[in-house]
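Worksheet for the structure shown next.
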Amino acid sequence: MKQYLTYYLLISVLLATACKKKLTAEQQAAKDAYALLLEEYQFPYKLDAPDKSYALPNILREISGLGITPTGELGCVQDERGIIFIYDTEEQEINRRIAFAKDADYEGVTFAGEDAFVLRNNGNIYRVSTFDTGKPDKEKYRSLLNKKNNTKGIGYEPAQDRILVVCKDGYGASDDYREQLAVFAYAIDSNTVSDSVIYSVNLEDIKRYLTFIGLEKPAEKYPEFYSKLVQTFPVYPSAIAVHPQSGNIYISSTVGRLLFVLHPNGQLIHIARLQERLFLQPEGIAIKKDGTLFIASEGKTQPGTIREFKMK
């Protein structure tokens, strides 16, 4: 509720400013708090200089999801196979394969405790309990999300003990969320998906952020957010992860090659452009407990890749 109150206050600030009305004390406090939050935040990675890079085997050329296992290894899924691939960065090879379902379009994987959770593009979530025991239990859960939503990424949020799901398109039969980047929550215990967004980013959030940081000529640097032809949110999310130290939510976009960072209260606190030479098609994000960031990219004629970034 707190994040929605804050969001409402910021909208009020924007409207009051646009109309040149004097801000209320509460609106001014919200504006000052957001400005202070942005002033104090420092993005902890240098995304144009990976510490390590991994060329993936051919089976992971179309890598579509990335997660951190309980042992600190990388768990991967790809677009077509119902298999979790465990990738060893030391040996730079796949050392285990865990089959969980028939071949289909799988878009993300995350881990909570001893269980793995895999997202299909139709909104189904596969829970692979005790996935690394050799005899995992496998369950499929249907949610309010469906193939029309084009679900693209999944990540575990430990502070709330819930799974986050990010969508490429609208929600259910409604177009209410087509104009924003929408994140829904999956409750592990009840196996249900929330019927409203938990986190979101829309065009006004983007423009407000760029105004607050004082970016010069934002329409030239981020033209996708300023075109008069834009009718829906102009970039499509591909992956989501929660930073284990800060609790910040990282969301990547393939279209536009962007990385968004949200504070745990839901406010947008950073946008980074991902360079094409390093991220041909960013499809997966994962962050280790020590803060090491991994971003996976799908390949075309070249192999899929994983880039590793240490915190600075």
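The values are calculated or read from the model by the stated rules, or taken from the named source; none is laboratory data. What you see is a predicted model, and the numbers here were worked out from it, not measured in a lab. No Cβ is skipped: glycine too gets one built from the backbone with ideal geometry, and neighbour counts run over all protein chains shown.
Taking the criterion of being farther than 22 Å from LYS168 by Cα and in contact with a Ser or Thr (Cβ under 8 Å, 6 or more places away or on another chain), the only residue of segment 187-231 that qualifies is PRO218. Can we say ILE251 is closer than 19 Å to PHE184 by Cα, part of a strand (DSSP E or B), of a type in the set (Val, Ile, Thr) and in contact with a Lys or Arg (Cβ under 9 Å, 6 or more places away or on another chain)? For ILE251, the condition - closer than 19 Å to PHE184 by Cα, part of a strand (DSSP E or B), of a type in the set (Val, Ile, Thr) and in contact with a Lys or Arg (Cβ under 9 Å, 6 or more places away or on another chain) - is not met. Scanning segment 25-49 for residues being out of contact with any helix residue (DSSP H, G or I) (no Cβ under 6 Å at 6 or more places or on another chain), aliphatic (A, V, I, L, M) and surrounded by 14 or more Cβ atoms within 10 Å (Cβ to Cβ) gives a total of 3. Name the residue, out of TYR126, TYR106, that is over 20 Å from PRO282 (Cα atoms) and crowded, with 18+ Cβ neighbours inside 10 Å. None of the other options fit; the residue is TYR126.
Tell me which strands (runs of 3 or more DSSP E) are completely within segment 254-312 and hold 2 or more residues being farther than 21 Å from CYS76 by Cα, in contact with a strand residue (DSSP E or B) (Cβ under 7 Å, 6 or more places away or on another chain) and not charged (D, E, K, R), or say none if there are none. Where strands (runs of 3 or more DSSP E) fall fully within segment 254-312 and carry at least 2 residues being farther than 21 Å from CYS76 by Cα, in contact with a strand residue (DSSP E or B) (Cβ under 7 Å, 6 or more places away or on another chain) and not charged (D, E, K, R), they are 258-262, 268-273.
State whether the residues of segment 275-294 include one that is among the polar types (S, T, N, Q) and crowded, with 21+ Cβ neighbours inside 10 Å. There is no residue in segment 275-294 that is among the polar types (S, T, N, Q) and crowded, with 21+ Cβ neighbours inside 10 Å. Answer yes if at least one residue in segment 50-68 is within 22 Å of ILE213 (Cα to Cα), of a type in the set (D, E, K, R) and at pLDDT 90 or above, and no otherwise. No, segment 50-68 contains no residue that is within 22 Å of ILE213 (Cα to Cα), of a type in the set (D, E, K, R) and at pLDDT 90 or above. Kindly check whether there is at least one residue in segment 227-236 that is of a type in the set (Gly, Ala, Ser) and surrounded by 20 or more Cβ atoms within 10 Å (Cβ to Cβ). Checking segment 227-236: not a single residue is of a type in the set (Gly, Ala, Ser) and surrounded by 20 or more Cβ atoms within 10 Å (Cβ to Cβ).
Determine whether GLY155 is of a type in the set (Gly, Ala, Ser) and surrounded by 18 or more Cβ atoms within 10 Å (Cβ to Cβ). In short, yes.
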